[in-house]
Structure formats: C-alpha cells, structure tokens
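The values are calculated or read from the model by the stated rules, or taken from the named source; none is laboratory data. Note that the structure is predicted; figures quoted are calculated from it, not measured. Note that we place each Cβ from the backbone using ideal geometry, even for glycine, and neighbour counts take in every protein chain shown. Ligands, DNA and RNA are excluded from the accessible area calculation, which covers all protein heavy atoms including side chains. Shrake-Rupley method; radii C 1.70, N 1.55, O 1.52, S 1.80 Å.
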Amino acid sequence: MSGAAAFWRKYGVLFKTDWAIMMIYRSETLIWMVGAFIQPLVSLAVWVSLSGSGSIAGYTASDYVLYFTGVLVVDRLTRAWDVYELDRDIREGTFSAKLLRPFHPIHWSINGNIVYKAFFAILMLPAWLLLAVFFPAMRLSVDAGTLGLVIIAVLLSSAMRFVIGYQFGLLAFWSNRATAMYALYEAIHMFLSGRIAPLSMFPDWVAAAARVLPFYSTVAFPVDLLSGRLADTPEAVWQGFAQQIGWLLLLVLSLRLVWRAGLKRYGAAGG
Amino acid sequence: MMRTYRLLRTFFQACLAEEFEYRANFAANIAMTLFSLGMSVLTVLLFFYRSESLGGWSFYEVLALLGIFNALHGFIELFLQPNMSRLVSHIRQGTLDFVLLKPVDSQFFVSFRHLVLWRAADIALGLGLTGFAVWRLDGPPSWSELLLFLLLLGAALAIIYSLWTGMMVMSFWAVKVDNLSFLFHSLFETSRYPVSVYKGALRLVLLYVLPIGLVTTVPAEAIVGRLDLANALGAIVLAALFLLGARWLWKQALRAYTSASS
C-alpha cells in the first residue's frame with residue numbers, strides 16, 4: 001500500500017472510532033453544543049435592546065439577529081478545544097504513550113475536531129433552515145458561489161484556530177499554566193473576533209487592529225461573508241482570504257518550531 | 001448554630017493551609033480575576049460607546065449590576081463548584097457512607113467542606129466595583145437601601161445555592177452531572193446584564209421560572225435605588241421556597257442512595 005493510501009486509511013479508521021465514541025456520549029455533546037449558544041444569544045439580546053427600533057453603525061435589530069446567528073454557527077464550527085487535553089497529557093505524562101504510536105499525535109486531535117464539527121454541522125444547519133422559515137430575519141440573501149466561499153472561509157478559520165489552540169497546549173512543555181494563558185487569549189479573541197459585537201461597533205483603531213491581527217478573519221469575516229455585507233466590496237473578500245491563508249502559513253511554521261523545541265524539553269512525569 | 005460556625009471555621013482553616021502551599025498559583029489566579037473583570041468592564045464600555053442606556057439602565061447602574069454578577073460568580077466558584085465535583089465522586093465510589101456516618105448534617109457537610117479561597121478575590125472585587133458605581137451615581141447609599149440590598153443579595157445567594165443543590169442531587173440518579181454544571185454556568189451568563197434587556201416571555205422565564213435573571217437584577221435595583229417592590233417580594237418568597245425545595249430534594253436523594261457495591 002502506498003504512503004498516501006495508508007495515511008488516509010488511518011484517518012478513516014480514526015474517524016469511525018471517534019464517531020462511535022462521540023455517539024456514546026451524544027447527550028454530553030449536545031449539552032456542550034447548546035451551552036456554547038448562550039453567550040452569542042446574550043450579546044444578541046443586548047444589541048437588539050441597545051438599537052431599539054433604530055440602528056447603530058449600520059445595524060438594525062434584524063441585522064443583529066442574522067449577525068449573531070452567524071457568529072453562533074461559525075464560532076461553534078471553528079472553535080478549538082485541544083489545549084485542555086494536551087495540557088493534561090503533557091503534565092501527567094500520558095503524552096508519552098501517544099508519542100509512541102506510529103501516527104503523529106496531532107492527527108488524533110485533527111480527527112477529533114473533524115468528528116465533532118461534522119456532528120455540530122449536521123445538527124445546526126438544518127436547524128437554521130427550519131428557523132429561517134419562521135423568522136425572516138434569519139434568511140440569507142447570498143448566492144451559491146458565496147456560500148461556497150463561506151465554507152472555505154470556515155474551514156480555513158477552523159484550521160487557524162486549531163493551530164493556535166494546539167500551540168497554546170504545547171506551552172505545557174514549559175509551564176503548567178498553559179490553560180490559563182489560553183483563557184487570556186480567548187478573552188481577547190472574544191472581543192476582537194466579533195463575538196461580542198460587530199467590529200463596526202468598536203472605535204476605529206480597535207477595529208483596524210482586529211483586522212490586521214488574526215482575529216477578524218477567524219469569526220467576523222466568515223459571518224460578514226455569509227450575511228452578504230461584503231457583497232459590494234470584492235476586494236474585502238480577497239483581503240480576508242489572503243489574511244486567513246497568510247496567517248495559517250505563519251502559524252503552521254511556528255507550530256513546527258514550537259513542536260521541535262518542546263519535544264526536546266519533554267521529560268515525562270512518572271514514566 | 002455555634003457548632004455550624006465552628007465547623008465552617010475549621011473548613012476555612014484547612015483550605016487556607018492548602019491554598020498557601022501554592023502561593024505563586026494564588027498570585028497568578030488573582031491576576032487572572034483582575035483581567036477578566038477588566039474585560040467585562042470593557043464590554044460594558046463598548047455597549048455604551050454608541051448608546052446612552054441599556055434596557056433603561058445607565059452606565060454606572062449596569063456597572064453596579066456587573067459587580068454583583070462578579071461577586072455571585074465568585075460565590076459559586078468558592079463554595080459550590082469545588083464541592084459539587086467531590087459529591088459526584090463520593091456517590092460513584094460509595095465514599096458518601098463516611099460523610100453520612102459523621103455527626104454533622106450531611107447536606108451542610110457536602111455543600112461547604114471544600115472552599116477555593118482565592119475566589120474571595122472575585123467577591124471582593126465585584127462588591128468593590130458595585131460600591132464604586134453606586135458612589136459615582138449619587139454618593140453613598142442610604143442605610144435602608146444598603147439593608148435592603150444585603151437582604152436581597154442573601155436571597156440571591158439562597159436561590160443560587162438551591163439551584164446548585166438541585167443539580168448535585170441529580171447525581172444520585174444520573175452520575176454524570178459535570179455537564180449540568182457547565183450548562184448552569186452558561187445560563188448564569190444571562191444574568192450579566194439587566195433582565196430588562198430580554199424581551200417578552202424570555203424575561204418572565206428568567207425572572208421567575210429559572211430565576212437566574214432575578215439574582216443580579218433585583219439586588220442591583222435595590223442598591224441603585226430603582227427597586228421594583230414586586231420583584232423584591234418575589235425574590236424573597238422564591239428564595240424561601242427554593243431553600244425548602246432543596247432540603248426536600250436532598251432528603252429524597254438520601255433515601256434513594258444505596259452506596260457503591262463494596
């Protein structure tokens with residue numbers, strides 16, 4: 001069997017195993033999914049209340065509904081959680097066993113992400129379609145081509161957030177506060193990625209900083225694409241994709257460096 | 001009563017000794033608390049950057065409420081969260097037997113034995129923020145306002161405690177309740193802002209059915225001097241009912257407890 005075929009076969013097996021495990025814990029997975037909905041919904045309620053019957057910086061109440069529904073879905077499909085498991089594995093030494101397997105540990109994590117995100121997507125997208133029947137504010141007015149671009153943007157963002165989260169997890173090679181550092185990062189991400197508010201609500205310099213750094217492109221960019229806000233500005237679409245790809249390359253590069261340096265430091269605790 | 005106090009003091013001292021084994025951790029945790037409070041104040045600043053009022057509340061009124069939210073969150077993390085996870089393992093491994101054999105009220109023991117003391121910083125900072133906001137609004141509050149505030153804060157604590165006990169009790173039947181505590185934390189987020197932000201039926205649900213919206217809004221109303229008498233009475237009656245309910249549930253649960261196989 002050729003190398004590539006063996007590689008994909010391993011992924012196939014991993015996918016089936018992880019899918020089966022997830023189905024055993026499906027109620028937990030559901031609770032986990034629904035719990036993450038609350039924060040965007042609270043933000044939505046606040047902004048709808050703030051805007052009243054008027055509009056703020058170009059957003060009316062129904063614009064906010066579409067925006068935060070987008071945030072809810074995009075954030076759920078792109079958020080990474082590997083930092084907690086990595087931190088525990090490295091601290092307690094169970095990472096050793098994973099290193100001995102004939103498949104790089106990162107593939108287990110990538111596969112886990114694919115499994116859960118596929119599950120979320122299968123549940124959330126039909127739910128959106130159904131709700132859109134009853135709530136006109138949730139209807140999309142973009143063409144099929146743009147929807148294709150949204151899917152690509154979500155995949156790229158998911159990869160970015162995964163690599164960022166994985167590097168935070170690898171910090172456990174040096175410090176036992178990797179999860180605390182990740183919490184700091186998440187708090188800033190919450191702000192600058194557009195999860196609290198569309199970026200046009202912020203002072204201009206904050207919005208500008210969020211656009212340059214890898215924040216806007218992870219959540220607000222796919223959402224803006226989806227809600228049709230970028231329909232008249234094709235250059236903003238290409239800028240967004242260029243940023244996603246540029247940051248992803250940089251992040252993958254730094255991941256390789258951090259991984260190598262970290263492994264040298266690693267001495268398993270308790271064998 | 002005296003005995004309860006002495007027991008609480010012993011729990012406190014044991015946990016304090018434990019905490020001071022890890023001093024660097026303690027300092028880092030406090031820094032984390034300051035950071036997250038700073039971020040939530042920034043969020044409120046953002047809301048008021050383009051608007052004058054949030055659900056009829058002014059900037060400092062919302063800050064006062066945010067301080068209460070932070071203090072209640074600290075209370076959950078100090079008392080409730082650490083004990084919850086232990087109760088689950090007590091039940092799974094059958095070690096609840098040892099608790100039941102102690103000459104203490106078992107509900108009291110499993111609720112308050114373990115304290116994460118650095119979370120007191122959340123409570124202090126939260127109440128500090130409330131104090132600052134109230135002072136900026138119109139100077140020091142009157143004695144009657146302060147008294148009413150403390151009473152309603154007590155009611156809020158009783159409601160939160162009862163909800164948690166209700167959740168803990170679930171672990172007698174369904175062992176995995178960590179998910180429920182995650183869900184509670186998520187729902188608790190809704191009380192970060194005045195309940196008047198929410199519309200229609202949702203507001204009523206958050207106020208009286210799942211009274212999570214009530215726990216921050218009502219004490220905040222009292223301290224900023226805009227108290228709705230119906231809400232205040234509602235909070236106190238609900239608190240009493242919830243405490244009774246929690247006690248009843250705990251007794252039911254103990255009756256269902258069969259220990260682990262050993």
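Could you tell me the largest-minus-smallest coordinate of the C-alpha atoms of chain B on each of the three principal axes, in descending order and whole angstroms?
Dimensions of chain B along the principal axes of its Cα atoms: 63, 44, 35 Å.
Over all directions, the average projected area of the alpha-carbon convex hull for the protein assembly as shown comes to how many nm²?
Numbers: hull surface 114.9 nm².
If you wrap the Cα atoms of the protein assembly as shown in a convex hull and average its projections, you get 28.7 nm².
Could you please put A:Leu123, B:Leu87 in sequence from largest to smallest accessible area, using a 1.4 Å probe? Can you show the working numbers first?
Details: A:Leu123 65, B:Leu87 0 Å².
Ranking A:Leu123, B:Leu87 by accessible area, largest first, yields A:Leu123, B:Leu87.
Please compute the Kirkwood hydrodynamic radius over segment A:199-271, one decimal place, Å, based on all pairs of different Cα atoms. Please list the in-between numbers first.
On the way: mean 1/r = 0.0683 Å⁻¹.
Kirkwood hydrodynamic radius for segment A:199-271: 14.6 Å.
Past the 20 angstrom mark, what percentage of all C-alpha to C-alpha distances in segment B:29-159 do you count?
On the way: 4818 of 8515 pairs.
The answer is 57 percent, as a whole percent.
What percent do you get for the relative contact order of segment A:61-176 when only Cα pairs under 8 Å and 6+ apart count?
Details: 72 pairs, mean separation 66.6, N = 116.
Once normalised by length, the contact order is 57 percent.
Calculate how steeply helix B:81-93 sits against the longest principal axis of the alpha-carbon atoms of chain B, using the helix alpha-carbon long axis, and give the answer as 0 to 90 degrees to the nearest 10.
The two axes meet at around 20 degrees.
Summed for both chains, how many Å² of accessible area, to the nearest 100, are buried between A and B with a 1.4 Å probe? Let's see the in-between values first.
Numbers: alone 14120 and 13780 Å², together 25420 Å².
Buried: approximately 2500 Å² between B and A.
Output the 0 to 90 degree angle, nearest 10, between the alpha-carbon long axis of helix A:105-134 and the longest principal axis computed from the alpha carbons of chain A.
Result, in degrees: 20.
How large is the charge dipole for the protein assembly as shown, taken about the Cα centre, if only the Cβ atoms of Lys, Arg (+1) and Asp, Glu (-1) carry charge, to the nearest 20 debye? Spell out each step's value before the answer.
Numbers: 40 positive and 30 negative charges, 307 e Å.
With Lys and Arg at +1 and Asp and Glu at -1, about 1480 debye.
Per residue, how many Å² of accessible area does segment A:131-239 show with a 1.4 Å probe?
Values: 4690 Å² over 109 residues.
Each residue of segment A:131-239 exposes 43 Å² on average to a 1.4 Å probe.
Between segment A:185-252 and segment A:46-75, what's the alpha-carbon centroid distance in Å?
17
Other chains' Cβ within 10 Å of A:20-30 residues: what's the mean?
Numbers: counts 0, 0, 0, 0, 0, 2, 0, 3, 4, 1, 1.
Across the residues of A:20-30, the mean count of other-chain Cβ atoms within 10 Å is 1.
Please give the calculated 222 nm ellipticity per residue for chain B, where each DSSP H segment of at least 4 residues contributes -39500 (n - 2.57) and the sum is spread over every residue; nearest 500 deg cm²/dmol? Numbers along the way, then the final one.
Values: 12 runs with 191 residues, N = 262.
The helix-only estimate for chain B comes to -24000 deg cm²/dmol at 222 nm.
Hey, got the average number of other protein chain Cβ atoms within 10 angstrom for residues in A:37-45?
Details: counts 1, 7, 4, 0, 5, 9, 4, 0, 9.
Taking the mean over all residues of the peptide, I get 4.
For segment B:1-75, how big is the tail of P(r) above 19 Å, as a whole percent of Cα pairs? All intermediate terms of the calculation are to be shown ahead of the outcome.
Working: 1588 of 2775 pairs.
In whole percent, the share of Cα-Cα pairs in segment B:1-75 beyond 19 Å is 57.
Mind checking which of B:Val224, B:Val134, B:Val237 has the largest fluctuation in a GNM of chain B, springs on alpha carbons under 10 Å?
Comparing B:Val224, B:Val134, B:Val237 in a Gaussian network model of chain B, the most mobile one is B:Val237.
What angle do you read, to the nearest 10 degrees and between 0 and 90, between the alpha-carbon axis of helix B:2-19 and the longest principal axis of chain B?
80
Connecting C-alpha atoms closer than 10 Å in a GNM of chain B, tell me which of B:Leu96, B:Leu214, B:Leu63 has the biggest fluctuation.
B:Leu96
Could you please state how large a percent of the accessible area of chain A is carbon and sulfur, counting protein chains only and using a 1.4 Å probe? Kindly include the intermediate steps, with their values, before the conclusion.
On the way: 8960 of 12860 Å².
C and S atoms contribute 70 percent here.
Using a 10 Å cut-off on Cβ atoms, rank the peptides B:215-223, A:223-231 from the highest mean neighbour count down. Please list the in-between numbers first.
Values: B:215-223: 28.2, A:223-231: 21.1.
In descending order of packing, they fall as B:215-223, A:223-231.
With +1 on each Lys and Arg Cβ and -1 on each Asp and Glu Cβ, how big is the dipole of chain B about its Cα centre, in debye rounded to the nearest 20? Could you put the intermediate results ahead of the total?
Details: 19 positive and 15 negative charges, 135 e Å.
So the magnitude is around 640 debye.
Using only the alpha-carbon atoms of chain A as identical scatterers, what base-10 log of I(q)/I(0) does the Debye formula give at q = 0.14 Å⁻¹?
Listed by q, the Debye log ratios stand at -1.08.
Calculate the mean, over all residues of peptide A:47-55, of how many other protein chain Cβ atoms lie within 10 angstrom of the residue's Cβ.
Working: counts 5, 3, 13, 9, 2, 2, 0, 1, 0.
Average neighbour count from other chains, rounded to a whole number: 4.
Note every residue of segment B:39-87 with a reduction of at least 50 square angstrom in accessible area, all protein chains present versus the isolated chain, computed with a 1.4 Å probe, or write none.
When all protein chains are present, B:Met39, B:Leu46, B:Phe47, B:Arg50 each give up 50 Å² or more of accessible surface.
Measuring from centroid to centroid over Cα atoms, what is the spacing of segment A:79-136 and segment B:72-86 in Å?
First find each Cα centre; the distance between them is then 28 Å.
For chain A, build the charge dipole from Cβ charges (+1 Lys, Arg; -1 Asp, Glu) around the Cα centre, then report which of A:Val142, A:Leu171, A:Leu77 sits farthest towards its positive end.
A:Leu171
Rank-order A:28-36, A:86-94 by packing density, defined as the average count of other C-beta atoms within 10 Å over each peptide's residues, highest first.
Put in order of decreasing packing, that is A:86-94, A:28-36.
Could you compute Rg(Cα) / (2.2 N^0.38 Å) for segment B:104-224, with N its residue count? Spell out each step's value before the answer.
Details: Rg = 16.5 Å, N = 121, 2.2 N^0.38 = 13.6 Å.
Cα-based Rg divided by the globular estimate yields 1.21.
Could you check which residue among B:Tyr49, B:Tyr208, B:Tyr161 shows the biggest mean-square fluctuation in a GNM of chain B with a 10 Å Cα cutoff?
Between B:Tyr49, B:Tyr208, B:Tyr161, it is B:Tyr49 that shows the largest mean-square fluctuation.
Per residue, what volume in Å³ does the Cα convex hull of segment B:132-177 take up? Mind showing how you got there, number by number?
Values: hull volume 3.2 nm³, N = 46.
In segment B:132-177, the Cα hull volume divided by residue count equals 69 Å³.
Taking the Cα centre as origin and putting +1 on Lys and Arg beta-carbons and -1 on Asp and Glu beta-carbons, what dipole magnitude results for segment B:16-150, to the nearest 20 debye?
280
Per the 1.4 Å probe, what fraction of the accessible area of segment B:81-154, in percent, lies on carbon and sulfur atoms?
Working: 2600 of 3840 Å².
Answer for segment B:81-154: carbon and sulfur cover 68 percent of the accessible area.
Using a simple spin-label model with points 7 Å from Cα along the Cα→Cβ vector, what separation in nm is obtained for B:Ala124 and A:Ser254?
Placing both labels 7 Å along Cα→Cβ, they lie 3.5 nm apart.
Add +1 for every Lys or Arg and -1 for every Asp or Glu among the other residues with Cβ under 14 Å from the Cβ of A:Val154, and state the total.
On the way: positive: A:Arg76, A:Arg79, A:Lys117, A:Arg161; negative: A:Asp75, A:Asp224.
Here the count lands on +2.
Any idea which of A:Ser27, A:Asn111, A:Tyr67 is furthest toward the positive side of the dipole for segment A:19-121, if Lys and Arg beta-carbons carry +1 and Asp and Glu beta-carbons -1?
A:Asn111
Accessible area per residue, 1.4 Å probe, Å², for segment B:24-156: what's the number?
On the way: 5800 Å² over 133 residues.
On a per-residue basis, 44 Å².
Normalised by the number of residues in chain A, what is the relative contact order in percent for Cα pairs under 8 Å and 6+ residues apart? Write out the running numbers ahead of the final one.
Working: 266 pairs, mean separation 71.1, N = 271.
RCO, chain A: 26 percent.
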